[in-house]
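Here is the structure we will look at, set down as structure tokens.
Only the coordinates and a few stated rules stand behind these numbers; no lab work does. All of these numbers come straight from a predicted model, not from anything done at the bench. FYI the Cβ positions are ideal-geometry reconstructions off the backbone, even for glycines, and counts take in every protein chain you see.
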Amino acid sequence: MDVIRVEGGHKLHGTVHVGGAKNSALKLMAATMMAPGVYHLSNVPNISDVGLMGQVLTMLGASVDYDETQHRLTIDTSAADKWVTPYELVSKMRASISILGPLITRFKHAVVAMPGGCNIGARSIDQHLAGLKMLGVHFDNDHGDIVADASSGLKGALVTLDFPSVGATENIMMGAITAKGTTIIENAAREPEIVDLANMLNKMGADVRDAGSHVVEIHGVDELHACDHTTVGDRIEAGTFLVAGALSADELTVEGFNPVHLDIPLRKMEYMGIRVERGENRVTVCAPEKTLVPADIQTLPFPGFPTDMQAQFMVLATQANGSSFITENVFENRFMLVADLIRMGAEIRVEDRHALVKGPVKLMGARVKSPDLRGGAALVLAGLIAEGYTLVSDTFHIKRGYEAFVEKFNAIGAVMAHIDMPD
Ligand code: UD1
């Protein structure tokens with residue numbers, strides 16, 4: 001069993017470079033299925049979810065070549081001729097559902113198993129299906145597979161989402177690209193990764209307007225073509241390292257992302273007493289000499305506080321002088337790291353979607369288990385300031401979304417290692 005062993009108490013310093021956003025790269029990869037041709041995607045992170053999406057595309061008949069040193073993907077979808085995505089792959093990663101819109105656009109048919117991924121909530125896809133239905137797609141459920149049929153044609157429509165779902169906004173956008181007429185998505189999600197996808201779709205010949213706002217307009221086009229695209233920087237990877245810096249750095253610079261995409265978490269840090277210096281594509285922080293001020297945090301769709309940064313800030317809150325109150329509004333099951341943080345000495349009480357975190361506490365190293373991607377990363381952060389060794393197991397969660405997590409930390413002064421332990 002692979003375990004990350006973190007030796008607590010080492011100061012971080014220097015500069016760390018973040019890669020392209022997982023949550024963008026996966027959708028850009030799916031989008032290559034929409035039109036046959038050769039695509040070059042740059043700044044693609046070397047993480048296991050990208051590998052899985054590559055396998056999905058390969059199963060559909062595309063050829064996928066990843067240059068690890070250049071972080072560049074070459075995808076040729078010219079010969080892709082299948083629209084059935086197997087359960088074995090889709091069940092491992094929720095983001096595989098983003099292949100649905102592209103397959104419908106290209107083949108007018110799709111069979112996609114119901115998705116899996118992090119165990120952080122029910123994660124229904126009703127909004128994806130309701131929106132695509134408005135465009136003229138007929139859906140059946142065949143023993144756990146979603147069977148989509150758009151053979152009678154796609155027509156632009158007004159789609160109003162119940163909730164600004166990231167995945168639903170993206171799937172409906174991709175399903176509407178060649179629909180006849182205009183599609184309007186109201187109450188659309190506004191995440192930077194959606195803007196990145198829309199930019200790539202427009203390079204492919206699509207006409208998507210106002211992505212990044214509440215109302216996205218898509219004017220149907222007749223033809224699409226392949227293109228090259230560079231993935232936007234990963235604001236969540238950046239935010240994770242910045243929290244590490246706030247916990248234990250003399251001075252840490254995180255570069256390769258747009259600080260505007262992390263505005264509210266950065267403001268929270270400032271409120272808590274952390275000095276934050278913003279540059280064009282970089283932010284510098286250091287651990288304050290005074291004890292942190294507690295903060296109230298509510299996760300919300302972008303530009304609100306990201307649910308993907310909630311676990312990391314929970315660790316920060318254990319070091320604040322007083323009670324911090326965290327409310328999780330996006331996913332219902334995202335406090336799974338709490339039990340292990342308490343084992344490390346944290347004082348946290350959870351009720352329903354709320355967590356009360358009391359600080360400051362001295363954390364102690366312990367054996368803990370990644371409950372999900374961001375929870376696992378947060379436990380590694382806790383290990384940085386804990387006394388002694390922290391052993392974080394189930395590292396496959398962390399590898400889904402962080403490239404060379406341990407190596408990047410060691411390069412800025414942390415002392416960690418992947419070690420093999422008996423199960
Ligand atoms: C994406 C991100 C994930 C991030 C999340 C919210 C990827 C690969 N993942 O996930 O890292 O945490 O956005 O920023 O991009 N919901 C429904 N019905 C639907 C769709 C969603 O009820 O049809 C619910 C979900 O169960 C969840 C909430 O809406 O409670 C948010 O989901 P959504 O915004 O769709 O997140 P994802 O696209 O799954």
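See the values below:
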quantity: Sorted by Cβ density within 10 Å, fewest first, the residues 48, 152, 248, 63; calculated: 152, 63, 48, 248
quantity: Order of 96, 393 under a 10 Å beta carbon neighbour criterion, fewest first; calculated: 393, 96
quantity: Computed helical MRE - 222 nm, the chain, DSSP H runs ≥ 4 contributing -39500 (n - 2.57), nearest 500; calculated: -9000 deg cm²/dmol
quantity: Whichever lysines have a C-alpha closer than 24 Å to that of residue 268, once near sequence neighbours (fewer than 8 apart) are set aside; calculated: 11, 22, 290, 358, 362
quantity: Burial ordering of 69, 284, fewest other beta-carbon atoms within 10 Å first; calculated: 69, 284
quantity: The range 22-220: C-alpha gyration tensor shape, a/c 1.5 cut-off, then a/b vs b/c; calculated: rounded
quantity: The range 240-288 and the range 351-368: distance between their alpha carbon centers, rounded to Å; calculated: 22 Å
quantity: Values of log10 I(q)/I(0), in the order q = 0.07, 0.10, 0.13 Å⁻¹, for the chain under a Debye, Cα-only, solvent-free model; calculated: -0.33, -0.67, -1.09
